[in-house]
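Student: Below is one structure. I have some questions about it.
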Amino acid sequence: MTQHVEQLEFQAETHQLLELMIHSVYSNKDTFLRELISNASDALDKLRLDSYKDKDLHVDTSDLHIELEVDADNRVLTVRDNGIGMSRAEVVDLIGTLAKSGTAELRKKLNEAKSAAGDPAELIGQFGIGFYSTFMVADKVTLTTRRAGETEGTRWESTGESTYTIETLDEAPQGTTVSLHLKPADEDDHLFDYTQEWKLREIVKKYSDFIAWPVRMQVERTVTEGEGEDKTEKTVIEDQTLNSMKALWTRPKSEVSDEEYKEFYKHVSHGWDDPLEIIPLKAEGTFEYQALLFIPSHAPFDLFTREHKRGVQLYVKRVFIMDNCEELMPEYLRFVKGVVDAQDLSLNVSREILQQDRQIQMIRKRLVRKVLSTVKDLQGATLEEKPDQQKYQTFWKEFGRVLKEGLLSDVDNRETILQVSSFASTNSDEELTTLAEYAERMNDGQDAIYYMTGESRQQVESSPHMEAFKAKGLEVLILTDPVDEMWVGSVPEFDGKPFQSVAKGEVDLESEDEKKASEALREQQDKDFAEVLTWLGKTLDESVKEVRLTNRLTTSPACLVGDVFDFTPMLERMYRASGQLVPETKRILELNPTHPLVTGLREAYDTRKDDADEGKVPELTETAELLYGTAVLAEGGELKDPARFAHILTDRLTRTL
């Protein structure tokens, strides 16, 4: 008996996704079974957990398993579990609509995979849309389910077109059954016969051997009875378990193959790539736990979005507790995937309890130290260990921006993060440098680590602020990631050497001998420029807070610098872009006393200072505006009134013709 039968339309985005699944040419359709078994395993985990939490949930957990059933005559493959099941509302919500992973993004990744001669089918796992992969191999999919604790079941059915039917069943077994009415086999299209026992064994062994629950299938076997003339053969049906069910994190590393690690990584991360590094960990003592962590080889597309889920899977005595356990991994290590299996935690835990749990905090500290030490080992590989050197370079390219967030949030491990970080610098156009390597190359008498932030390397290298440093042969770190603007203001030093921005504060690059030799010249310059500097300060009062001479310029007439604790213009723009109100910071205009434009301005002012002080010499005022404007543009900034700047500049150019 059935009741409450409905025919509904797929959400528009879901329908587009189904068309992608059915009509795109995938090279590996076997992944559909991996996804169904993974879903079934999750359902069994959830039932086991709910049965511990809810003592009123009367369910039999003595024989939790996944079952494959084949009807070769009718070409139907069934995947069945006796797990948590789904309610009618959950079926509509989880299968009829697509809440995750936009179709447009999937299309983009699909095209990238094809152009790179990759395997687009791996995107199934990457986008968390495993159930829909069934339509790659089936003309019709029927799902029957009943949630544990409920009396009514639900049947969902679709051919992958624009609609599906859903009906309520008076009776249904607990758990979920997915029946696939298979398409005809077509090996040219990599569509195999999924009713064949050997093929199903191959897929389960390859993708699901580590699943903690038995994956069973009834198989035909020919047995021989009797001996001699009485010997007869007969066919029997027997249940066989297709997977080993060995949790990889409980096995010594020497007993696990690289392929097993790779498949396990793909399972826990829903990833499509191979892991860059495998980190097994076992702790014994006051409290025991085991962990198996992975550093991916590619950053996920949503790594910097709010929707990105972080954290590793938490198990207690091999019982699944939760996915994406944020309490076990800090935000700046959100790319790390894996499993932590604790022995002494309560099974009935929530995220709120975990936030206060001392054991979880201790495990987290150990995991963080282990991940950072692993990165440090990769970084410290010698030239003879090129694979590890290449691994570190890949790691930093993919996750360096994220790791540097820890310089702001993790004070305890700040020194280690600084040690494993790499930066671009003026020492090399291509190779990155560590801070330790920078310190080894520091000039005699240099007591600070110089850096400059900006939006690009080209912008930084062409900045007027760099002129004196280039002339002196001083190395400068080039920091172009947005997070660099944040951490340099919070991290005072590395190995006793302070960080100093070349675009902030006063820069003194002269040796004691040079200072003595140029002392008389500086005193004379200060005296000669005193009045014009005062006039410029008043003229540009709305834009700058001070005008002074500098020795940081060699070829440019002027540059803008901030006080030591001022926000940089880029940091101000970042805060405003995030919706925060930040007061505008006036900066200091520094002039090159040897540049012809600056000396010419001083001479012109000296000849007409009385009129200039009263604002009666517009040519001088306009020159001051041009001087300030060029300093803004030289550092990649934005003018407040670009139209006026262009008008003044055009007028001046016209006069020269």
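Student: Looking only at segment 544-554, which residues are over 42 Å from the mean Cα position of the chain (by Cα) and surrounded by fewer than 19 Cβ atoms within 10 Å (Cβ to Cβ)?
Tutor: Answer for segment 544-554, where residues must be over 42 Å from the mean Cα position of the chain (by Cα) and surrounded by fewer than 19 Cβ atoms within 10 Å (Cβ to Cβ): GLU546, ARG548, LEU549.
Student: Taking the criterion of being within 30 Å of VAL256 (Cα to Cα) and of a type outside the set (Asp, Glu), would at least one residue in segment 172-190 satisfy it? If you could, list the steps in order and put the result at the bottom.
Tutor: Of all residues in segment 172-190, those within 30 Å of VAL256 (Cα to Cα) come to 190.
Right, trim to of a type outside the set (Asp, Glu) and you get 190.
Yes, some residue in segment 172-190 is within 30 Å of VAL256 (Cα to Cα) and of a type outside the set (Asp, Glu).
Student: Pick from segment 307-350 the residues that are among the basic types (Lys, Arg) and at pLDDT below 90: which of them is nearest to THR286 (Cα to Cα)?
Tutor: Taking the candidates together, the pick is LYS317.
Student: Output the residues belonging to segment 456-470 that are crowded, with 19+ Cβ neighbours inside 10 Å and in contact with a strand residue (DSSP E or B) (Cβ under 6 Å, 6 or more places away or on another chain).
Tutor: Within segment 456-470, VAL460, PRO464, HIS465 qualify.
Student: Output yes when any residue across segment 271-281 is within 24 Å of GLU197 (Cβ to Cβ), assigned by TED's automatic domain parsing to the domain that holds LEU367 and either modelled with pLDDT of 90 or more or under 21 Å from the mean Cα position of the chain (by Cα) (or both), and no when none is. Explain how you work it out, then say what you get.
Tutor: Residues of segment 271-281 that are within 24 Å of GLU197 (Cβ to Cβ), as a first pass: none.
The answer is no, given that none of the residues of segment 271-281 is within 24 Å of GLU197 (Cβ to Cβ), assigned by TED's automatic domain parsing to the domain that holds LEU367 and either modelled with pLDDT of 90 or more or under 21 Å from the mean Cα position of the chain (by Cα) (or both).
Student: Now, a different point. If you take the residues in segment 121-131 that are more than 16 Å from ASP302 (Cβ to Cβ) and surrounded by fewer than 23 Cβ atoms within 10 Å (Cβ to Cβ), which one is modelled with the highest pLDDT?
Tutor: PHE131
Student: Something else: Looking at this structure, is ASP528 more than 30 Å from VAL402 (Cβ to Cβ), without any contact (Cβ under 8 Å) to a residue 40 or more places away in the chain and assigned by TED's automatic domain parsing to the domain that holds ASP563? Full working, then the answer.
Tutor: Details: more than 30 Å from VAL402 (Cβ to Cβ): yes; without any contact (Cβ under 8 Å) to a residue 40 or more places away in the chain: no; assigned by TED's automatic domain parsing to the domain that holds ASP563: yes.
It is false that ASP528 is more than 30 Å from VAL402 (Cβ to Cβ), without any contact (Cβ under 8 Å) to a residue 40 or more places away in the chain and assigned by TED's automatic domain parsing to the domain that holds ASP563.
Student: I'm checking my understanding of the structure. Among residues of segment 555-567 that are under 27 Å from TRP487 (Cα atoms) and at pLDDT 80 or above, which one is surrounded by the fewest Cβ atoms within 10 Å (Cβ to Cβ)? So that I can check it myself, show each step before the final result.
Tutor: Our first condition is that a residue be under 27 Å from TRP487 (Cα atoms); within segment 555-567, this holds for 559-567.
Add one more test, that the residue is at pLDDT 80 or above, and what stays is 559-564.
Numbers: CYS559: 26, LEU560: 21, VAL561: 25, GLY562: 19, ASP563: 15, VAL564: 11.
If we take residues in segment 555-567 being under 27 Å from TRP487 (Cα atoms) and at pLDDT 80 or above, then VAL564 is surrounded by the fewest Cβ atoms within 10 Å (Cβ to Cβ).
Student: Scan segment 398-420 residue by residue and report those that are crowded, with 17+ Cβ neighbours inside 10 Å and free of Cβ contacts under 8 Å to residues at least 24 places away in the same chain.
Tutor: If the condition is that a residue be crowded, with 17+ Cβ neighbours inside 10 Å and free of Cβ contacts under 8 Å to residues at least 24 places away in the same chain, then no residue fits.
Student: Which count do you get for residues in segment 250-279 that are among the small types (Gly, Ala, Ser) and without any contact (Cβ under 8 Å) to a residue 60 or more places away in the chain? Give the derivation first.
Tutor: Looking only at segment 250-279, we keep the residues that are among the small types (Gly, Ala, Ser), and these are 254, 257, 269, 271.
Those left that are additionally without any contact (Cβ under 8 Å) to a residue 60 or more places away in the chain: 254, 257.
Result for segment 250-279: 2.
Student: Can I ask one more? For segment 503-510, check the following and say yes or no: at least one residue is out of contact with any strand residue (DSSP E or B) (no Cβ under 8 Å at 6 or more places or on another chain), modelled with pLDDT of 90 or more and either among the aliphatic types (A, V, I, L, M) or farther than 19 Å from GLY637 by Cα (or both).
Tutor: Checked against the condition, which is being out of contact with any strand residue (DSSP E or B) (no Cβ under 8 Å at 6 or more places or on another chain), modelled with pLDDT of 90 or more and either among the aliphatic types (A, V, I, L, M) or farther than 19 Å from GLY637 by Cα (or both), segment 503-510 yields no hits at all.
Student: Failed condition for ASP541, given (1) within 45 Å of the chain's Cα centre (by Cα); (2) surrounded by 15 or more Cβ atoms within 10 Å (Cβ to Cβ), with all others met?
Tutor: Every condition holds for ASP541 apart from (2).
Student: Does ASP63 qualify as being surrounded by fewer than 19 Cβ atoms within 10 Å (Cβ to Cβ), assigned to a helix (DSSP H, G or I) and modelled with pLDDT of 85 or more?
Tutor: Details: surrounded by fewer than 19 Cβ atoms within 10 Å (Cβ to Cβ): yes; assigned to a helix (DSSP H, G or I): no; modelled with pLDDT of 85 or more: yes.
Here the answer is no, as ASP63 does not meet what is asked.
Student: Being crowded, with 17+ Cβ neighbours inside 10 Å and of a type in the set (A, V, I, L, M, F, W, C) narrows it down to one of LEU620, LEU639, so name that one.
Tutor: Values: LEU639 fails: crowded, with 17+ Cβ neighbours inside 10 Å.
Going through LEU620, LEU639 in turn, the sole match is LEU620.
Student: If only one of ASP239, ASP209, ASP186 is over 22 Å from LYS140 (Cα atoms) and surrounded by fewer than 13 Cβ atoms within 10 Å (Cβ to Cβ), which one is it? Reasoning before the result, please.
Tutor: Working: ASP209 fails: surrounded by fewer than 13 Cβ atoms within 10 Å (Cβ to Cβ); ASP186 fails: over 22 Å from LYS140 (Cα atoms).
Every option except ASP239 fails the conditions.
Student: Of the conditions (1) at pLDDT below 90; (2) within 26 Å of the chain's Cα centre (by Cα); (3) surrounded by fewer than 12 Cβ atoms within 10 Å (Cβ to Cβ), GLY489 satisfies every one except a single condition; which number is it?
Tutor: Among (1) at pLDDT below 90; (2) within 26 Å of the chain's Cα centre (by Cα); (3) surrounded by fewer than 12 Cβ atoms within 10 Å (Cβ to Cβ), GLY489 violates only (3).
Student: Right, something else. Which ones in segment 431-455 are over 21 Å from LEU403 (Cβ atoms) and surrounded by fewer than 19 Cβ atoms within 10 Å (Cβ to Cβ)?
Tutor: Passing the criteria: GLU440, ARG441, MET442, ASN443, ASP444, GLY445, GLN446, ASP447, ALA448.
Student: Hey, another quick one. Any residue in segment 172-199 that is on the phi < 0 side of the Ramachandran plot sitting within a Cβ distance under 6 Å of a residue that is hydroxyl-bearing (Ser, Thr, Tyr) and in a loop (DSSP other than H, G, I, E, B)? List the pairs, counting only those 6 or more apart or interchain.
Tutor: Hits for this filter: LEU182/TYR194.
Student: Condition check: assigned by TED's automatic domain parsing to the domain that holds VAL76, assigned to a helix (DSSP H, G or I) and either modelled with pLDDT under 80 or under 23 Å from ASP42 (Cβ atoms) (or both). Does LEU110 satisfy that? I'd like the intermediate steps shown before the answer.
Tutor: Values: assigned by TED's automatic domain parsing to the domain that holds VAL76: yes; assigned to a helix (DSSP H, G or I): yes; either modelled with pLDDT under 80 or under 23 Å from ASP42 (Cβ atoms) (or both): yes.
Yes; evaluated as a whole, the condition is true for this residue.
Student: Before we move on, is ALA631 surrounded by 15 or more Cβ atoms within 10 Å (Cβ to Cβ), within 46 Å of the chain's Cα centre (by Cα) and not β-branched (Val, Ile, Thr)?
Tutor: So ALA631 passes the test.
The values are calculated or read from the model by the stated rules, or taken from the named source; none is laboratory data. Because the structure is predicted, anything quoted here is derived from the model rather than measured. All Cβ positions, even for glycine, are placed from backbone atoms using ideal geometry, and neighbour counts span all protein chains on display.
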